[in-house]
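K.L.:
Can you read through this structure? Questions will come right after.
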Amino acid sequence: MLSIRDEEVRTLAETVMRTSGAPNLTAAIKLALQREIKRAEQAVPLIDRVAAIRAAAIAKADRPPAPPLSEAERDALWAR
């Protein structure tokens, strides 16, 4: 038996139950947890998403990326 003491959690579970057509709160919570686990397992790590965006931007660029600035060049930018 499921006992939900937190009113916000109960409201969220009831919303999932209504929108998903789950027959009861336990089924709604189980469904929400299953979906969240699946979403988390399929999530692409941020570093991989950024790498893909960077690769796409470099592919579209009309020239190669500039080399990193030296410390002196960075300092000169702040001095202006």
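K.L.:
Provide a single number: the residues in segment 29-40 that are surrounded by 13 or more Cβ atoms within 10 Å (Cβ to Cβ) and of a type in the set (S, T, N, Q).
P.N.:
Selection size over segment 29-40: 0.
K.L.:
Next question, about the same structure. Across segment 12-33, what is the number of residues that are more than 13 Å from LEU2 (Cα to Cα) and either of a type in the set (A, V, I, L, M, F, W, C) or touching a strand residue (DSSP E or B) at 6+ places or on another chain (Cβ under 9 Å) (or both)?
P.N.:
Residues meeting the conditions: 7.
K.L.:
Can you name the residue in segment 1-28 that is among the β-branched types (Val, Ile, Thr) and part of a helix (DSSP H, G or I) and, of all such residues, is surrounded by the fewest Cβ atoms within 10 Å (Cβ to Cβ)?
P.N.:
Per the criteria, the residue is THR19.
K.L.:
Restricting attention to segment 29-74, which residues are in a loop (DSSP other than H, G, I, E, B) and among the hydrophobic types (A, V, I, L, M, F, W, C)?
P.N.:
ALA43, VAL44, ALA61, ALA66, LEU69
Computed from the coordinates by the stated procedures, all read-outs in this text should not be read as laboratory data. Not measured: the values here are computed from a predicted model. Ideal geometry is used to build each Cβ from the backbone, glycine not excepted, and the neighbour counts take in all protein chains shown.
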